[in-house]
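Asks: Encoded as structure tokens, here's the structure I'll be asking about.
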Protein chains: 2
Amino acid sequence: MHPRHKTREVRIGTLVVGGEQPIRVQSLCVSKTSDIDAARAEMRRMLDAGCEIVRVAVFDAGDADALGAIKEFLSDVPLVADIHFNHKFALTAIEQGVDKVRLNPGNIAGLSGTFDGAGRERVKAVADKARAKGIAMRVGVNSGSVEKDLLEKHGWATAGAMVESALRHCEFLESAGFRDVVVSIKSTNLEQCVEAVEKFAAETDFPLHLGITEAGLPGYGTIKSAIGIGALLREGIGDTIRVSLTGDKAVEIQAAWDILKATGCRVREPEIIACPACGRIAIDLEKVVAEVKERVKDVRAPIRISVLGCAVNGPGEAAEADVGIAGERGQGMLFRKGVFVRRVKESEMVDELEREVRALASEMTAKA
Amino acid sequence: MHPRHKTREVRIGTLVVGGEQPIRVQSLCVSKTSDIDAARAEMRRMLDAGCEIVRVAVFDAGDADALGAIKEFLSDVPLVADIHFNHKFALTAIEQGVDKVRLNPGNIAGLSGTFDGAGRERVKAVADKARAKGIAMRVGVNSGSVEKDLLEKHGWATAGAMVESALRHCEFLESAGFRDVVVSIKSTNLEQCVEAVEKFAAETDFPLHLGITEAGLPGYGTIKSAIGIGALLREGIGDTIRVSLTGDKAVEIQAAWDILKATGCRVREPEIIACPACGRIAIDLEKVVAEVKERVKDVRAPIRISVLGCAVNGPGEAAEADVGIAGERGQGMLFRKGVFVRRVKESEMVDELEREVRALASEMTAKA
């Protein structure tokens, strides 16, 4: 892991993104905001899954006018409005009390895709209003939204073209006196996306929102996002992340947390390590792992738990975990922080493991 | 992507691993080899899922003696025997016709975990027999198997300790005149695992088998493996991979292929990119994507297909794919290699997309 890339802090409602702040998990509510019941139900699921910043899309005046009710429902949870085409929806969104507006420069600054004079005026009007209300903005560039002049200059929506598009908009906002900007540069092309974000990070201190556009269905989409977002996080880049998956938003939110956990960037729950079943397992591993997972699912402490099927590599691996158990015929060896604690009967193994995990969680909470 | 790390070629039965060869997908059959019916059924599933190298674990003489029957079943598919504790099982495995034996040095060279004189003799006996039969060996080091003297020297199973353990065994095999060695260095600690493999790759030209030990249940385990294996593949490191997940082996094999596809290392099937549903979708995206996926599942050509819900970023994104469709109200815009082909009715969209994909696949096959 590289040290974290240094970014400025940007306040988004009750949270701050960037600097030394925890990397935040966000997701997009796909219900129309004007269908308030559907939106509320979806947002409730998102919050339950661990979504920390809720984004909604604004496509028409009805969507924009409904944002006040959405914000009221979300209360302290930051609300971000995704604006498409019409900057007036951004102005309405700000009046309605959102905490951040996300502009796609390519479709706000000019439908022609050129960042022309009239486009600049529209963006400036939004920035002025956002500054007056003390809210943040995201400049969201993607490979499909690069302006025509940059496409011509670079020959294609290359990493360089996306970076130049993002820089242009950030510089314009800066010249308009607006600094509370978060930036995203996304592409369906994983290498191009990673390269663009790396380049942009090397040149600026804007907090970065990471994601791979249109990552697709869970399964492959999860893997592609994990590799791309994971690569950047391991380089110390990224202040908020969104995994984009088609379907139930709880799945993409869980995937975002799993990526943060696997990279060690942020852990909110126990990590359970199980051996891949092999010929030598001495206990019903899959059952034990599933049971342990169920038992500790409410524990909110970053504890490494290992459940290992045998005494071959078992003790060595279990010893590296905070709490570990290695199966033997009819019993298990319990470890805590690398120290052998005691042998336990197979029938009591899960109980004993849970007890150790909860005891450790209490100690960690008491210390915090 | 970095250029591929240069490794020597090592033959494993009908396949060659290393050098410029395709990165191979392998998996571990967890059925006891002596339970031939169960093993055959499991291996059939593994092969159907795209497993290219089948590994089995050998824990007793019965397992070892059954390897001939396993090899007969697998025919041209390379068979690897994982040997634990007793080097005599390795000798038997070689006699039974396996294509590679995998030794865990820490438990072959000496139960004490020290690579002592007697341990060296045992490893040499295996190497001599393997050379005589022209088969390969894997030196498989993991954090739980590092020898005691190295643990003492490094203070812990650090990346450096694992690398030194691997080098020691490779050097010993080299001094015994055995060069057909593939190496793996695995750990449950993602950063430690990546660091160790990077270090080892920088010093040697042995083909590398990648994996994260005990990655756990699908979901989190998949994400952790994708980040770790993906990071190494993006650095050009890795000649064969295994994703270790508890449960159905078809899941881990699919995950391995997905990692190869997402990193662009190896693509065997169409890639379908769908937008994350947002407020603006003009078609029933999830349904269309699922249908397209089903329709092209037998196509074995690396074609990028995009299915996009609207005409906002749709055309731009769709144009980057080999075949793309962007929804409009009641119809879709079809693209091929960035060129707009025609408008199609929503009811015929999937048919038309499939037709374009199959036509392109035929052209690619004809050229190949």
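Asks: Name the residue that is nearest to the other protein chains (Cβ to nearest Cβ), counting only residues in segment B:41-54 that are outside any loop (DSSP other than H, G, I, E, B) and open to solvent by 10 Å² or more (accessible area, probe 1.4 Å).
Replies: By that ranking, first place goes to B:Glu42.
Asks: Moving on to the next point. Please state which of the following conditions A:Arg280 fails to meet, knowing it meets all the rest: (1) within 7 Å of chain B (Cβ to nearest Cβ); (2) open to solvent by 40 Å² or more (accessible area, probe 1.4 Å); (3) at pLDDT 85 or above.
Replies: Single failed check for A:Arg280: (3).
Asks: Give me a count of the residues in segment B:43-67 that are closer than 25 Å to B:Phe85 by Cβ and without any contact (Cβ under 8 Å) to a residue 40 or more places away in the chain.
Replies: Here the count works out to 14.
Asks: Yes or no: B:Met1 at pLDDT 95 or above, within 14 Å of chain A (Cβ to nearest Cβ) and in contact with a helix residue (DSSP H, G or I) (Cβ under 9 Å, 6 or more places away or on another chain)?
Replies: So B:Met1 does not fit the description; no.
Asks: Considering only segment B:22-34, state which residues are under 12 Å from B:Ile53 (Cβ atoms) and touching an Asp or Glu at 6+ places or on another chain (Cβ under 8 Å).
Replies: Just the residues of segment B:22-34 that are under 12 Å from B:Ile53 (Cβ atoms), to begin with: B:22-29.
Across segment B:22-34, the qualifying residues are B:Ile23, B:Arg24, B:Val25, B:Gln26, B:Ser27, B:Leu28, B:Cys29.
Asks: Which of (1) in a helix (DSSP H, G or I); (2) open to solvent by 50 Å² or more (accessible area, probe 1.4 Å); (3) within 14 Å of chain B (Cβ to nearest Cβ); (4) of a type outside the set (Asp, Glu) is the odd one out, the single condition A:Ala38 does not satisfy?
Replies: (2)
Asks: Where residues in segment B:302-322 are in contact with an Asp or Glu (Cβ under 8 Å, 6 or more places away or on another chain) and modelled with pLDDT of 85 or more, which of them is surrounded by the most Cβ atoms within 10 Å (Cβ to Cβ)?
Replies: B:Ser306
Asks: Sticking with this one: For segment B:203-219, check the following and say yes or no: at least one residue is within 13 Å of chain A (Cβ to nearest Cβ), closer than 17 Å to A:Arg234 by Cβ, touching a helix residue (DSSP H, G or I) at 6+ places or on another chain (Cβ under 8 Å) and not hydrophobic (A, V, I, L, M, F, W, C).
Replies: Checking segment B:203-219: not a single residue is within 13 Å of chain A (Cβ to nearest Cβ), closer than 17 Å to A:Arg234 by Cβ, touching a helix residue (DSSP H, G or I) at 6+ places or on another chain (Cβ under 8 Å) and not hydrophobic (A, V, I, L, M, F, W, C).
Asks: Specify which of the listed residues (B:Gly160, B:Gly119, B:Gly155, B:Gly134) is more than 25 Å from B:Ile53 (Cα to Cα) and open to solvent by 50 Å² or more (accessible area, probe 1.4 Å). Please lay out each step first, then the result.
Replies: On the way: B:Gly160 fails: open to solvent by 50 Å² or more (accessible area, probe 1.4 Å); B:Gly119 fails: open to solvent by 50 Å² or more (accessible area, probe 1.4 Å); B:Gly134 fails: more than 25 Å from B:Ile53 (Cα to Cα).
Within the list B:Gly160, B:Gly119, B:Gly155, B:Gly134, the selection yields B:Gly155.
Asks: Pick out, from segment B:166-276, the helices (runs of 4 or more DSSP H) lying fully within it that include 3 or more residues that are free of Cβ contacts under 8 Å to residues at least 40 places away in the same chain, closer than 30 Å to B:Val323 by Cα and open to solvent by less than 20 Å² (accessible area, probe 1.4 Å). Write out each step before concluding.
Replies: Working: elements: B:190-203, B:220-234, B:249-262.
The helices (runs of 4 or more DSSP H) meeting that bar are B:220-234, B:249-262.
Asks: Of the conditions (1) under 27 Å from B:Arg268 (Cβ atoms); (2) at the interface with chain B (Cβ under 8 Å from one of its Cβ atoms); (3) buried (at least 23 other Cβ atoms within 10 Å of the Cβ), A:Asn142 fails just one. Which one is it?
Replies: Condition not satisfied by A:Asn142: (1).
Asks: Does at least one position in segment B:338-351 carry a residue that is within 12 Å of chain A (Cβ to nearest Cβ), under 23 Å from A:Asn189 (Cα atoms) and at pLDDT below 90? Please lay out each step first, then the result.
Replies: The initial filter retains those residues of segment B:338-351 that are within 12 Å of chain A (Cβ to nearest Cβ), namely B:338.
From the residues that got through so far, the ones that are under 23 Å from A:Asn189 (Cα atoms) too are B:338.
Filter once more, so that each one left must be at pLDDT below 90: B:338.
Within segment B:338-351, one or more residues are within 12 Å of chain A (Cβ to nearest Cβ), under 23 Å from A:Asn189 (Cα atoms) and at pLDDT below 90.
Asks: With the requirement that a residue be touching a Gly at 6+ places or on another chain (Cβ under 8 Å), over 20 Å from A:Arg266 (Cβ atoms) and open to solvent by less than 10 Å² (accessible area, probe 1.4 Å), what does segment A:59-81 give you?
Replies: Correct list: A:Asp63, A:Leu67, A:Leu79.
Asks: From A:Gly97, A:Gly113, grab the single residue that is part of a loop (DSSP other than H, G, I, E, B) and modelled with pLDDT under 95.
Replies: A:Gly113
The values are calculated or read from the model by the stated rules, or taken from the named source; none is laboratory data. What you are looking at is a predicted structure, and each value in this text was computed from that prediction instead of being measured. Virtual Cβ from ideal backbone geometry, glycine too; neighbours counted across all protein chains shown. Accessible surface areas use protein heavy atoms only, side chains included; no ligands, DNA or RNA. Shrake-Rupley method; radii C 1.70, N 1.55, O 1.52, S 1.80 Å.
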